[in-house]
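The values are calculated or read from the model by the stated rules, or taken from the named source; none is laboratory data. These figures come from a predicted structure and were not determined experimentally. Cβ atoms come from the backbone with ideal geometry, glycine included; neighbour counts cover every protein chain shown. Surface areas here come from the heavy atoms of the whole protein model, side chains and all, with no ligands, DNA or RNA. Shrake-Rupley method; radii C 1.70, N 1.55, O 1.52, S 1.80 Å.
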Number of protein chains: 2
Amino acid sequence: MDERVTEESLEAENRIYARIFDGIMDRRLTPGTKLPERELCELFSASRSLVRRVLQRLAHYHVVELRPNRGAIVATPTPEETRQIFQARRALEGALVRLAAQHATPADIDGLRQQLHVEHEAMHGSDQPAWARLASTFHLRVARLANNAILENYLKEIVSRCSLIVALYEPQGNAACEHDEHAGIVACLERGDGENAARLMEEHLVELERHICLRQPDARPSLKDRLGL
Amino acid sequence: MDERVTEESLEAENRIYARIFDGIMDRRLTPGTKLPERELCELFSASRSLVRRVLQRLAHYHVVELRPNRGAIVATPTPEETRQIFQARRALEGALVRLAAQHATPADIDGLRQQLHVEHEAMHGSDQPAWARLASTFHLRVARLANNAILENYLKEIVSRCSLIVALYEPQGNAACEHDEHAGIVACLERGDGENAARLMEEHLVELERHICLRQPDARPSLKDRLGL
DNA sequence: CTACACAAGATTGTCAACAATCTGGCATGA
DNA sequence: TCATGCCAGATTGTTGACAATCTTGTGTAG
């Protein structure tokens, strides 16, 4: 057993990171939620320096916001950021899906089909957080097929931020991806048809953004709205 | 004078960050160079925690590599990373230049023309580091016109990593961008012709990659090569 | 002569105490 | 009653000491 202190602490760091990250993605931690260092230390029985590093990592991915001397909160994307995030997502995911079409093997396509199946089942179930995560999973699996870790990681960040946006502007969480549109993209990928896959993906993402924008045409829910005034 | 301790230290952090970053971009700090904490502390008369944070930030942008228990070095992209970086750059910069074509005002075009002029002058001068940085500057200025900070920052990171690649595989530093190709892109932008601007940019980047790949077909200079054996 | 083990010095990683800053409540006075 | 200033508690930021790890030089045995 190689139990070097350094590795243990790295493991603990990743564990805490994943816990908080998952909490945000599952919307147990909603945008604006405060993340006090002391509380996190106690919850994970970790030292403050460890918690601090985790928060900085999360901040770097724009999933939490670090306000100097005022602590960390779950990030709350502004409308302008929302615009940029969706624009960036279309650009990135268009490029990724084209590359995926070039590289996808039959085994890869099988994997995606299985993913579609899981999605289909989750649609009927009522586990809302699971469904929300699955919607992202499909996109990330396609991205992985592009065989470019850099673009893939950029998309991971963007998709995470999209989840924040949905949490902010779609409190009911009914702004998930449409299952059928995913299926169409897989069909294109199977034929190696990158152009049409990219076109479908673009439409799919425009649809997703429109769904959100229609509900909140120009601003984030203000405190006034949230109080029902 | 609002001299809060916190702000001062943030300023210091940015200063140190910029110094190291510039040193790497100007190839005074070449890939593989060790960056010992103690030495940096003394050089900048800063505390270790500050230096540490700067190194972590640089690591996050993949400009330095943090090896656990073994300190930080200037990053040395592998051939596979190089492939991914150039691929990502084509994808990102293609999208950015299309957006730039949509948004560029006559004043923006003027600014780019001035930039071209500066490039032209630097070509005749012999200030090599300045020339290397100018090549990147043009691309980043175009990116800024896209009006999307997220994609712009991604490109910033990618361009920085490209500089590392050039430093690694083109020790003479003669793999800079061609001035004429930049001029062609500006012409397209002026006409609002995003498609052709993107096409030229793509060709321009392929040319840049080819220039590097031709010299080092498949591997980074090994220690053996560097010793002339 | 080579290979291996060990130890000293140097370097990085971690933590806990201390300092700076912010928040919210209370008192004061107009 | 309302606005302002100030204080205490809570929270975050920083530092320096200590612990863990790596590097390198040396010695020893085969």
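Mind listing whichever residues of segment B:76-107 are of a type in the set (Gly, Ala, Ser) and either more than 11 Å from chain A (Cβ to nearest Cβ) or in a loop (DSSP other than H, G, I, E, B) (or both)?
Within segment B:76-107, B:Ala100, B:Ala101, B:Ala104, B:Ala107 meet the criteria.
Looking at (1) more than 14 Å from DNA strand C (Cβ to nearest atom); (2) modelled with pLDDT of 90 or more, which one does A:Met1 not meet, given that it meets all the others?
(2)
How many residues are open to solvent by 30 Å² or more (accessible area, probe 1.4 Å) and either more than 9 Å from DNA strand C (Cβ to nearest atom) or part of a strand (DSSP E or B) (or both) when one looks only at segment B:63-75?
The qualifying residues number 4.
Working only within segment B:137-166, note down all residues that are under 17 Å from B:Leu58 (Cα atoms) and aliphatic (A, V, I, L, M).
Hits for segment B:137-166 are B:Leu155, B:Ile158, B:Val159, B:Leu164, B:Ile165.
Being of a type in the set (D, E, K, R), within 11 Å of DNA strand C (Cβ to nearest atom) and either at pLDDT 95 or above or surrounded by 21 or more Cβ atoms within 10 Å (Cβ to Cβ) (or both) is true for just one of B:Arg89, B:Arg48. Which residue is that?
Details: B:Arg89 fails: within 11 Å of DNA strand C (Cβ to nearest atom).
Answer to the selection: B:Arg48.
Can you tell me which of (1) more than 16 Å from the chain's Cα centre (by Cα); (2) among the polar types (S, T, N, Q); (3) part of a helix (DSSP H, G or I) is the one B:Gln172 doesn't meet?
Only one criterion in (1) more than 16 Å from the chain's Cα centre (by Cα); (2) among the polar types (S, T, N, Q); (3) part of a helix (DSSP H, G or I) is unmet by B:Gln172, namely (3).
Would you be able to say whether some residue in segment B:140-151 is open to solvent by 70 Å² or more (accessible area, probe 1.4 Å) and within 12 Å of chain A (Cβ to nearest Cβ)?
yes
When B:Gln115 is evaluated against the numbered criteria (1) under 25 Å from B:Met201 (Cβ atoms); (2) assigned to a loop (DSSP other than H, G, I, E, B), which criterion, by number, is the only one it fails?
Only one criterion in (1) under 25 Å from B:Met201 (Cβ atoms); (2) assigned to a loop (DSSP other than H, G, I, E, B) is unmet by B:Gln115, namely (2).
With the condition kept exactly as written, say whether any residue in segment A:51-71 is within 11 Å of chain B (Cβ to nearest Cβ), over 25 Å from B:Arg67 (Cβ atoms) and aromatic (Phe, Trp, Tyr).
no
Among the residues of segment A:152-190 satisfying the criterion of being free of Cβ contacts under 8 Å to residues at least 12 places away in the same chain and under 28 Å from A:Ala107 (Cβ atoms), which is most open to solvent (accessible area, probe 1.4 Å)?
A:Asp180
Could you list, in sequence order, the residues of segment B:20-50 that are away from DNA strand D (no atom under 16 Å from the Cβ) and assigned to a helix (DSSP H, G or I)?
B:Ile20, B:Phe21, B:Asp22, B:Gly23, B:Ile24, B:Met25
Can you confirm whether segment B:123-144 contains a residue that is acidic (Asp, Glu), more than 16 Å from DNA strand C (Cβ to nearest atom) and modelled with pLDDT of 95 or more? If you could, list the steps in order and put the result at the bottom.
Step one: filter segment B:123-144 for residues acidic (Asp, Glu), giving B:127.
Right, trim to more than 16 Å from DNA strand C (Cβ to nearest atom) and you get B:127.
Remaining after also requiring modelled with pLDDT of 95 or more: none.
The answer is no, given that none of the residues of segment B:123-144 is acidic (Asp, Glu), more than 16 Å from DNA strand C (Cβ to nearest atom) and modelled with pLDDT of 95 or more.
Within segment B:117-125, does at least one residue satisfy the condition of being within 14 Å of chain A (Cβ to nearest Cβ) and more than 16 Å from B:Ile185 (Cα to Cα)?
no
Which residue is most open to solvent (accessible area, probe 1.4 Å), if the candidates are limited to segment A:51-62 and must be within 10 Å of DNA strand D (Cβ to nearest atom) and not polar (S, T, N, Q)?
The qualifying residue most open to solvent (accessible area, probe 1.4 Å) is A:Arg52.
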